[in-house]
Amino acid sequence: MPTVVDFVNVSTAGLESSPVAEALAGLRANEARYFQNKYGHEFATEPAAKAKKAIAYVHQILKDERDIVIGSQPLEATSFEVEGMRWTYVFYESGLSINVLYTLEPGGKRAVGFKLSDGMEVPAELADTFKFARQKSKLAGTIRGSYFVIKGEY
């Protein structure tokens, strides 16, 4: 059963094994606040063991598009549709969050986004390929992010 992420009372539940659990929980809460405010959507995640399909989807896109294999263990994931877009998120033990935005209409926006929790190093598999911009968040501290556009059909 997915758990709705509370962005008022931020919890590390499900993320405890991460060395940056509090920052990762803030990052997850930041995403929950965004979807609630922009779309009125409750952002809910489930443990990686129950979200294998969502994780496999993200990993397939990373492998096919850029030959990227994430070395960190997935902790939680979610996949949902809102306003004609499929969003899939995976939160990793290292503090990394990966999201896939996939507009269902042909020709729409399709991209993979990476966000690094405050306090984590850039993962080796991303370090040489991506530059990360910084943004401040009351919930997550400093978030570093990057993305690439998806070329294929998924």
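Let's see how each residue does on (1) surrounded by 15 or more Cβ atoms within 10 Å (Cβ to Cβ); (2) without any contact (Cβ under 8 Å) to a residue 24 or more places away in the chain:
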residue	(1), (2)
Glu83	no, no
Val90	yes, no
Gly107	no, yes
Ser117	yes, no
Pro123	yes, no
Thr129	no, no
Gly141	yes, no
Ser146	yes, no
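How about the stretch 1-25: which of its residues are free of Cβ contacts under 8 Å to residues at least 40 places away in the same chain, farther than 16 Å from Pro74 by Cβ and assigned to a helix (DSSP H, G or I)?
Correct list: Glu22 only.
What tally of residues in the stretch 92-105 results from selecting those that are farther than 22 Å from Thr142 by Cβ and touching a residue at least 24 places away in the same chain (Cβ under 8 Å)?
Residues meeting the conditions: 2.
Within the stretch 23-39, is even one residue open to solvent by less than 10 Å² (accessible area, probe 1.4 Å) and farther than 13 Å from Val5 by Cβ?
no
Please verify whether the stretch 80-91 includes one or more residues that are among the aromatic types (Phe, Trp, Tyr), closer than 14 Å to Val20 by Cα and within 10 Å of the chain's Cα centre (by Cα).
yes
Among the hydrophobic types (A, V, I, L, M, F, W, C) and buried (at least 21 other Cβ atoms within 10 Å of the Cβ): which single residue out of Ala13, Ala44, Ala54, Ala49 fits that description?
Criteria check complete, one pass: Ala54.
For the list (1) touching a residue at least 24 places away in the same chain (Cβ under 8 Å); (2) farther than 14 Å from Ile150 by Cα; (3) not basic (Lys, Arg), I need the number of the one condition that Val58 fails.
Of the numbered conditions (1) touching a residue at least 24 places away in the same chain (Cβ under 8 Å); (2) farther than 14 Å from Ile150 by Cα; (3) not basic (Lys, Arg), the odd one out for Val58 is (2).
In the stretch 99-128, what residues are part of a loop (DSSP other than H, G, I, E, B) and either out of contact with any helix residue (DSSP H, G or I) (no Cβ under 7 Å at 6 or more places or on another chain) or under 17 Å from Val58 (Cα atoms) (or both)?
Leu104, Glu105, Pro106, Gly107, Gly108, Lys109, Met120, Glu121, Val122, Pro123, Asp128
Return the residues of the stretch 105-129 that are under 14 Å from the mean Cα position of the chain (by Cα) and small (Gly, Ala, Ser); say none if nothing qualifies.
Ala111, Gly113, Ser117
The values are calculated or read from the model by the stated rules, or taken from the named source; none is laboratory data. It should be emphasised that the depicted structure is a prediction, and the values quoted were computed from it without experimental measurement. Note that we place each Cβ from the backbone using ideal geometry, even for glycine, and neighbour counts take in every protein chain shown. Protein only, heavy atoms only, side chains kept; ligands, DNA and RNA dropped before computing areas. Shrake-Rupley method; radii C 1.70, N 1.55, O 1.52, S 1.80 Å.
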